[in-house]
Amino acid sequence: MKLSKNYKFWFCTGSQDLYGDECLRNVAEHSRIIVEELNKSGVLPFEVVLKPTLITNELIRKTFNEANIDEDCAGVIVWCHTFSPAKSWILGLQEFRKPLLHLHTQFNEEIPYDTIDMDFMNENQSAHGDREWGHMVTRMGIERKVVVGHWTSQAVREKIASWMRTAIGIVESSHVRVMRVADNMRNVAVTEGDKVEAQLKFGWEVDAYPVNEIAEAVAAVSESDTNALVDEYYDKYEILLEGRDADEFKRHVAVQAQIEIGFERFLEEKNYQAIVTHFGDLGALKQLPGLAIQRLMEKGYGFGAEGDWKVAAMVRIMKLMSAGMKDAKGTSMLEDYTYNLVPGKEGILQAHMLEICPSIAEGPISIKCQPLSMGDREDPARLVFTSKEGAGIATSLIDLGDRFRLIINSVDCKKVEKPMPKLPVATAFWTPQPDFATGCEAWILAGGAHHTAFSYDITAEQMGDWAAAMGIEAVYIDNNTNIRNFKKDLMLGNVVFGK
Ligand code: MN
């Protein structure tokens, strides 16, 4: 998927006018070189734009306000080459509303032992100036990322690159609009939540539509458009008839093609980027959207099943954060379904009734047509596959009544030992960190849901930083987790975020 905007990040160097013109010329030149080299490195997913050195209160305030209104600016990177008295920054920072990165670097890598004098030290004193600046940002309680190290270092560049993707998740969050075409599944608790508070915290617009309004959009899709998409499916995927009549099978697949086109047109027309459905409330739709939803997720739409609008929005955010990533391995809604409890082989089989995004697939992707065990519609066509191995994160955003909590579990994805030929759904399989028992215990203690927004491409750190920017609680379950300390994390969350 592609982002709708050509995002850029501004590079603002702090200084002051006490050092004389020659020093300020050097500061500007060094900043220019750093920006040029960062852009040339090929590591950063977005362009860095150099801004004039910030040396006065007026210019700082003006620059931050220009960053606010520039729709393509996704954040500002600040570095104080020299000393920059931090009271100069108060008004600008107070008015600034975008992601902020403090790049704590220095132009020269090594102390020039033979030639260093006081002029050199006054020009190269970010060790000093960046502390003054950091003090003010901390005093003002502003959330920001701090990246430390020389600007030529690969690790530093990768940290900046990673933060840029977090920043996209932050600035895009308030443009996520979720379409609910049915209410939450009756009696289910964890998929519920305060949509007003979600708009206040995350900027999400979550609106309901009668299911038959979108069913009408589906019915309006022409037979020729539908058939063209069916042909595309038959080119792209393996067809597993499994004894079904080939024509009947194709008719079932065509229902999904028509849903895919109709849903996408309806979402586009009404400007929604995420959608929820519910198998129990399908109106005039002939099948539960399966293959159709899988394809929409692959195109970048967020999705949540059984009315789960929080997961739909989170899948959308994580897809935005990983947009355009080289060698991306995928992002999907998943559901903790069935355990393998054999000692040494413990893990959670991830699946859903149908709706798993094929971006996480490895190997062949097939279309199957099978009855649903629930609901009262035609047997829906769906894509079936297994998923990639490797590290990923499963996230669950829950509403605790007084606040949202984001639970972030680092998981290790594996292949199951044997094929599961009778299972007519896509799957993933993982062992939660730090180990199956501790991971599951921590997840349940934290109140984590059975639906998750999962990604191979986004890190726990990125999602934790995103949560911090949203002003909500985040808890991590990973190789550093033990239950005694995790309970303290939850207690601390109650103190800080509980009402
Ligand atoms: Mn479900």
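The values are calculated or read from the model by the stated rules, or taken from the named source; none is laboratory data. This one's a predicted model, so the numbers in the text were calculated from it and none came from an experiment. Counting neighbours? That spans all protein chains shown, and the Cβs are built from the backbone with ideal geometry, glycine included.
Take Val411 and tell me if it is closer than 13 Å to Gly347 by Cβ and surrounded by 22 or more Cβ atoms within 10 Å (Cβ to Cβ). Against the criterion (closer than 13 Å to Gly347 by Cβ and surrounded by 22 or more Cβ atoms within 10 Å (Cβ to Cβ)), Val411 qualifies. Counting the residues of the range 195-222 that are surrounded by fewer than 17 Cβ atoms within 10 Å (Cβ to Cβ), more than 17 Å from Lys310 (Cα to Cα) and not acidic (Asp, Glu) gives 5.
Quick one: in the range 331-357, which of the residues that are in contact with a strand residue (DSSP E or B) (Cβ under 7 Å, 6 or more places away or on another chain) and of a type in the set (D, E, K, R) is farthest from the ligand (Cβ to nearest atom)? Even if it seems obvious, please write down each step before you answer.
Step one: filter the range 331-357 for residues in contact with a strand residue (DSSP E or B) (Cβ under 7 Å, 6 or more places away or on another chain), giving 331-340, 346-352, 354-357.
With the extra rule that they be of a type in the set (D, E, K, R), the set shrinks to 335-336, 346, 355.
On the way: Glu335: 5, Asp336: 10, Glu346: 22, Glu355: 9 Å.
Result: Glu346.
Residues checked against (1) in a loop (DSSP other than H, G, I, E, B); (2) charged (D, E, K, R):
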position: Val27; (1), (2): no, no
position: His30; (1), (2): no, no
position: Ile34; (1), (2): no, no
position: Gly42; (1), (2): yes, no
position: Pro45; (1), (2): yes, no
position: Lys62; (1), (2): no, yes
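For (1) within 16 Å of the ligand (Cβ to nearest atom); (2) farther than 15 Å from Thr191 by Cα; (3) out of contact with any Cys (no Cβ under 8 Å at 6 or more places or on another chain), each residue gets a yes or a no:
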| residue | (1), (2), (3) |
| --- | --- |
| Glu269 | no, yes, yes |
| Phe279 | yes, no, yes |
| Gly283 | no, yes, yes |
| Gln287 | no, yes, yes |
| Gly290 | yes, yes, yes |
| Ile293 | yes, yes, yes |
| Leu296 | no, yes, yes |
| Phe303 | yes, no, no |
| Asp308 | yes, no, yes |
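Working only within the range 414-438, note down all residues that are surrounded by fewer than 24 Cβ atoms within 10 Å (Cβ to Cβ) and either touching an Asp or Glu at 6+ places or on another chain (Cβ under 7 Å) or in a helix (DSSP H, G or I) (or both). Residues satisfying the conditions are Lys414, Lys415, Thr431, Gln433, Pro434, Phe436, Ala437, Thr438. In the range 283-297, the count of residues that are out of contact with any Asp or Glu (no Cβ under 9 Å at 6 or more places or on another chain) and charged (D, E, K, R) is zero. Of the residues making up the range 382-405, those that are crowded, with 21+ Cβ neighbours inside 10 Å, within 18 Å of the chain's Cα centre (by Cα) and among the small types (Gly, Ala, Ser) are Gly392, Ala394, Ser396.
Do the conditions hold for Ala449, that is, is it touching a residue at least 12 places away in the same chain (Cβ under 8 Å) and more than 16 Å from the ligand (Cβ to nearest atom)? Quick ask: steps written out before the conclusion?
Details: touching a residue at least 12 places away in the same chain (Cβ under 8 Å): yes; more than 16 Å from the ligand (Cβ to nearest atom): no.
So Ala449 does not fit the description; no.
Of the listed requirements (1) at pLDDT below 95; (2) under 21 Å from Met297 (Cβ atoms), Glu260 misses just one: (1).
Among the residues of the range 439-490, how many are part of a strand (DSSP E or B) and of a type outside the set (Val, Ile, Thr)? Steps first, please.
Step one: of the range 439-490, the residues part of a strand (DSSP E or B) are 451-455, 473-477.
Applying the additional criterion that residues be of a type outside the set (Val, Ile, Thr) yields 451, 453-455, 473-474, 476.
So the count comes out to 7.
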